[in-house]
Amino acid sequence: MTEDTQTFTPTRDASVHEAAPSSDSERAAAPWPRNAWYVACTPDEIDGKPLGRKICGEQMVLFRGQDGRPAAMDDFCPHRGAPLSLGFMREGNLVCGYHGLAMGCSGRAVDMPGQRVKGFPPVRTYAAVERYGFIWVWPGDQEAADPALMHHLPWAESAEWAYGGGRYHIACDYRLMVDNLMDLTHETYVHASSIGQKEIDEAPVKTRAEADEVVTSRFMDGVQAPPFWRMALRGAGLPEDAVVDRWQICRFSLPSHVMIEVGVALAGQGGYEADDAAKASSIVVDFITPETETSHHYFWGMARKFAVDDAALTDTIREGQGKIFSEDLEMLERQQANLLRYPDRKLLKLNIDAGGARSRLMIDRAIAAETMPE
Amino acid sequence: MTEDTQTFTPTRDASVHEAAPSSDSERAAAPWPRNAWYVACTPDEIDGKPLGRKICGEQMVLFRGQDGRPAAMDDFCPHRGAPLSLGFMREGNLVCGYHGLAMGCSGRAVDMPGQRVKGFPPVRTYAAVERYGFIWVWPGDQEAADPALMHHLPWAESAEWAYGGGRYHIACDYRLMVDNLMDLTHETYVHASSIGQKEIDEAPVKTRAEADEVVTSRFMDGVQAPPFWRMALRGAGLPEDAVVDRWQICRFSLPSHVMIEVGVALAGQGGYEADDAAKASSIVVDFITPETETSHHYFWGMARKFAVDDAALTDTIREGQGKIFSEDLEMLERQQANLLRYPDRKLLKLNIDAGGARSRLMIDRAIAAETMPE
Amino acid sequence: MTEDTQTFTPTRDASVHEAAPSSDSERAAAPWPRNAWYVACTPDEIDGKPLGRKICGEQMVLFRGQDGRPAAMDDFCPHRGAPLSLGFMREGNLVCGYHGLAMGCSGRAVDMPGQRVKGFPPVRTYAAVERYGFIWVWPGDQEAADPALMHHLPWAESAEWAYGGGRYHIACDYRLMVDNLMDLTHETYVHASSIGQKEIDEAPVKTRAEADEVVTSRFMDGVQAPPFWRMALRGAGLPEDAVVDRWQICRFSLPSHVMIEVGVALAGQGGYEADDAAKASSIVVDFITPETETSHHYFWGMARKFAVDDAALTDTIREGQGKIFSEDLEMLERQQANLLRYPDRKLLKLNIDAGGARSRLMIDRAIAAETMPE
């Protein structure tokens, strides 16, 4: 042992933790509202284990606390920066898989082998709520995170409806997906073999903006049902060859939900307004959660009001819908690449683009309201 | 419906489209002549479907119009920026696969479901010509695109010649490929088992620059033919074990074509000048089309003047040549990586490098002439 | 032939080669000592062929000269910049695989077909030494490269010890691996099924810094051996179920070696000090060679003093150790990603982190000493 030998006494820096995972200026520039509820994952994704996922630019870990309630926090262990999502659950606490620091739902360190954790800095948490079959998070100002502000989904709470869905990760701005869903003209081209039909192009589209939603609707009366809807008619116990009245009513609401009422009714029975017995109707459910400025998590599904006990039909529809939505992926990701290549090019805004354009306007206003000086 | 409700009337921005896909300053810096004919693809690549390909930094879509003539334009739908190359052909028009905008060869919108397209902005087009078994495009000033300026390839129009070839995408500056082909010394090392032989290193190389081409030649008299040429001798009905006179005459011409006359003749029959009956001779055909500053499309092939009706021989040669050229890929791509790593290092210019050096000088002069103020 | 025709006389530029592969300023900023011996590869990696590897930011080619001694130089052919590591060995010279330039161990061109190489610029070389079963290089000031400065490894020269090991490429700062190895608390979590046990967390850790090493030690008396050590006890001919005294003594030395004395002795026989017959003891050997600022080559192994002639046991241990170390990879690489994502976040420094913290301090002092003006 030389004179240089010494016992090391570790000290913790005064300011060991900065709560802000990204600077305010970065956040101000983000192209999404921060103060809103976004779908983060499905309940099965956090069953018994943590899940790492980036939501609105925030790298989060999601898990369930001891009471089973969901929690979300920065996916960054305050000890050495390891991702907490590589850890495991123990009695409702999230244990870091590197050195065993256990974190509680509140973002406070609970215990660590051989350490007093009382002075450990807290980790930034995000409000998380389980509702309607999804885990929702609020990425922005946590004091404003009010579950009452969550979009209401009546079908998700009713026994008269059945639901099935899935998730895709898509490398494009979430607003390109909003555009896509608020203009179903593309069904004729992208989804020619399932839900596309030439009458979509021919039927005029109407767009209107209300206080809290943008609605784009199209009605096609007296048409043949395309393959997907023939399957649905069979599922609903109706003749698949019948002439039908078809409708599409796309509803955008903040921050980035698109609910599309779609269906076919036997022709002349009232269309959208027809009796349930004379129609196969459903809601295409789209939760579009930004990941980065050029990628998003796309939660898609279908809620239907016919044959709700037919689990096999739920699977068939999920498979069909998954295939249809996968057809959009390459188009959207290559469109994104093109827009990045030519950032200064202006695009056309046609009548069919009004739904997307109005939705973007609603998004822009929400962002502006958040960043406005008070 | 609230007061905020309204019907959306779409308007088209005054300047919705900028014809220039990249800024002039970017273009001035590009290391290739823009006003020249480049091979873009082979005819089969646009049979009945569009092809997306970046040529000289321009993201193009290539297709055939109704008259069968090739066309090229920006691969960017003026509606929403989708790549037109994901679309399909309909009666000689290119239909965007997203929302159905149909574009004519002239770059003008032809029709779109439910839209008046007359006022749609045109898309930038590129002159395209089918000749010599290739589709050629002119990426630069379209008013200067004169088919008469195209390199003349007599062998491609003569029944006395047969041709076979292929294409590689290579992640290196196209000029590294020019260097490679204008100095065949590397055959001894890179292609030791097929066309390399030690006499290549021993034979002196001569380089001369003429008005419109750079020529590097090497003659090896009284040698044994390496494996590739033994195969060719057999194909030509000559004894593969014979002592031969071998030649290599590399001809570079603008913008980036390298035609290499190669062959072997029975020794003492005049070598390059020998009667066709006493030799197996051919032209290695290389069209080197820049994609980006560090990648290119390499169209390679061999035109031969012996056994021209022997389709099986064409296949055998194509396979052998494809294998030989694939041996260059790793070397060129790793050389490129090294040059990017050390951008300031100067390289040696030996006599064997004269062909490449003179070719680059010709390229530089062509670029300078294009960017000179008039 | 036009007037423009001429014969090209190649000239070599006055300053064709810059010896420095990276600027001095870049080097000053590198987070590793440059004047030190690092393990570059194992002897088998350069048996009869060159090896390209980046060491401390320097892209090197390693090979054996005619006398069998190792050599290292820039992996950049002075002719056209091809990687020399794509070449081959011929009579102790490294022949470039592109055009045949042969380089000697001294970094001077030896010959090239048809060329006088006397005036060719030399390539930068690096001192290379074979010792202890490894090839070591000195990336910094070559005049200071003294083999006597190499870390001494007695076990590597003794017949009483056996050694087996492997190599991983890991995408993280080499110092994160130093942290990892100087705090074995993580065994409980990352390596729960092999060497982890709860007593590790419970036993206090002591760290001390000496003149040339940092030592972190932990002793666990009267415990059950975890699976890896049960195997070792069996290999040493001792009862695997016995209660044991276990120890871990981690020794960091510059530039980035971590030797960890580990073992178990039958309880009450003196632990670390027990007779060889009553213990299974070994040294975990870790040479951590920076590649870039966010990646390193990790040479790991185990030297053991029991059952040294049991080659099958060497293989079993290597396999077990390789599996254990592979468990660290994802954690370290994702930790690195997290630190890059939040470069300004400060981390905790607990007592268990003292070994890594003191080692980093030793590294920082070595770097500062190198960059100090003289």
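The values are calculated or read from the model by the stated rules, or taken from the named source; none is laboratory data. If you're wondering where the values come from, they're calculated on a predicted model, not measured in any experiment. Neighbour counts are summed over all protein chains in view; Cβ atoms, including those assigned to glycine, are modelled from backbone coordinates with ideal geometry.
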* **Within segment A:185-202, considering residues that are surrounded by 20 or more Cβ atoms within 10 Å (Cβ to Cβ) and among the aliphatic types (A, V, I, L, M), the one nearest to the other protein chains (Cβ to nearest Cβ)** => A:190
* Structure fact -> Residue set C:265, C:312; condition buried (at least 16 other Cβ atoms within 10 Å of the Cβ) and either of a type outside the set (D, E, K, R) or over 21 Å from residue C:240 (Cβ atoms) (or both); output residue C:265
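If you check C:258, C:244, C:214, which single one turns out to be surrounded by 22 or more Cβ atoms within 10 Å (Cβ to Cβ), more than 28 Å from the chain's Cα centre (by Cα), modelled with pLDDT of 95 or more and among the β-branched types (Val, Ile, Thr)?
C:244
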* To do: Report yes if some residue within segment C:111-132 is in a strand (DSSP E or B), among the aromatic types (Phe, Trp, Tyr) and within 24 Å of the chain's Cα centre (by Cα); otherwise report no.
  => yes
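Taking residue B:318, is it within 11 Å of chain C (Cβ to nearest Cβ), among the charged types (D, E, K, R) and under 24 Å from residue B:252 (Cβ atoms)?
No.
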* Structure fact -> Taking segment A:65-78 and the residues there that are in contact with a Gly (Cβ under 8 Å, 6 or more places away or on another chain) and away from chain C (no Cβ under 14 Å), the one that is surrounded by the most Cβ atoms within 10 Å (Cβ to Cβ) would be A:71
* segment C:205-243 - residue that is in a loop (DSSP other than H, G, I, E, B), touching a Lys or Arg at 6+ places or on another chain (Cβ under 6 Å) and not aliphatic (A, V, I, L, M) and, of those, nearest to the other protein chains (Cβ to nearest Cβ) -> C:213
* What are the residues in segment B:321-336 that are at the interface with chain C (Cβ under 9 Å from one of its Cβ atoms) and surrounded by fewer than 16 Cβ atoms within 10 Å (Cβ to Cβ), if any? -> B:330
* Residues located in segment C:282-305, provided they are crowded, with 19+ Cβ neighbours inside 10 Å and either more than 12 Å from the chain's Cα centre (by Cα) or not in a strand (DSSP E or B) (or both) -> C:282, C:283, C:284, C:302, C:303, C:304
* Asked: Within segment C:354-366, how many residues turn out to be away from chain A (no Cβ under 14 Å) and in contact with a helix residue (DSSP H, G or I) (Cβ under 9 Å, 6 or more places away or on another chain)?
  -> 1
* Would segment C:138-149 turn up any residue that is of a type in the set (Gly, Ala, Ser) and within 14 Å of chain B (Cβ to nearest Cβ)? -> no
* Asked: Residues in segment C:355-366: is at least one touching a Cys at 6+ places or on another chain (Cβ under 6 Å), closer than 21 Å to residue C:171 by Cα and part of a helix (DSSP H, G or I)?
  -> no
* Structure fact -> How many residues of segment A:87-107 are surrounded by 18 or more Cβ atoms within 10 Å (Cβ to Cβ), at negative phi and either assigned to a loop (DSSP other than H, G, I, E, B) or basic (Lys, Arg) (or both)? The answer is 8
* Could you pull out the residue among A:235, A:166, A:196 that is assigned by TED's automatic domain parsing to the domain that holds residue A:262, over 18 Å from residue A:360 (Cα atoms) and under 16 Å from the mean Cα position of the chain (by Cα)? => A:166
* To do: Under 8 Å between Cβ atoms, at least 6 apart or on separate chains: pull out the pairs that start in segment B:327-338 with a residue that is within 11 Å of residue C:81 (Cα to Cα) and without any contact (Cβ under 8 Å) to a residue 40 or more places away in the chain and end on any residue that is among the aliphatic types (A, V, I, L, M) and crowded, with 18+ Cβ neighbours inside 10 Å.
  => B:334/C:82; B:334/C:86; B:338/C:82
* To do: Considering (1) in contact (Cβ under 8 Å) with a residue 60 or more places away in the chain; (2) within 14 Å of chain A (Cβ to nearest Cβ); (3) of a type outside the set (A, V, I, L, M), say which one residue C:341 fails and leave the rest.
  => (1)
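Conditions tested, residue by residue: (1) under 18 Å from residue A:289 (Cα atoms); (2) out of contact with any Cys (no Cβ under 8 Å at 6 or more places or on another chain); (3) in a helix (DSSP H, G or I).
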| position | (1), (2), (3) |
| --- | --- |
| A:165 | yes, yes, no |
| A:179 | yes, yes, yes |
| A:187 | no, yes, yes |
| A:193 | no, yes, no |
| A:199 | no, yes, yes |
* **Test result for residue B:62, buried (at least 24 other Cβ atoms within 10 Å of the Cβ) and farther than 18 Å from residue A:340 by Cβ** => yes
* Structure fact -> Per the filter on segment C:337-353, residues at pLDDT 95 or above and either farther than 23 Å from residue A:78 by Cβ or buried (at least 17 other Cβ atoms within 10 Å of the Cβ) (or both) are C:338, C:339
* Does residue C:323 fit the bill of being at pLDDT below 95 and either of a type in the set (Val, Ile, Thr) or in contact with a Ser or Thr (Cβ under 9 Å, 6 or more places away or on another chain) (or both)? -> yes
* Structure fact -> Per the filter on segment C:306-327, residues of a type in the set (A, V, I, L, M, F, W, C) and part of a helix (DSSP H, G or I) are C:311, C:312, C:313, C:317, C:324, C:325
* Asked: Taking the stated definitions as given, is residue B:281 small (Gly, Ala, Ser) and closer than 30 Å to residue C:87 by Cβ?
  -> no
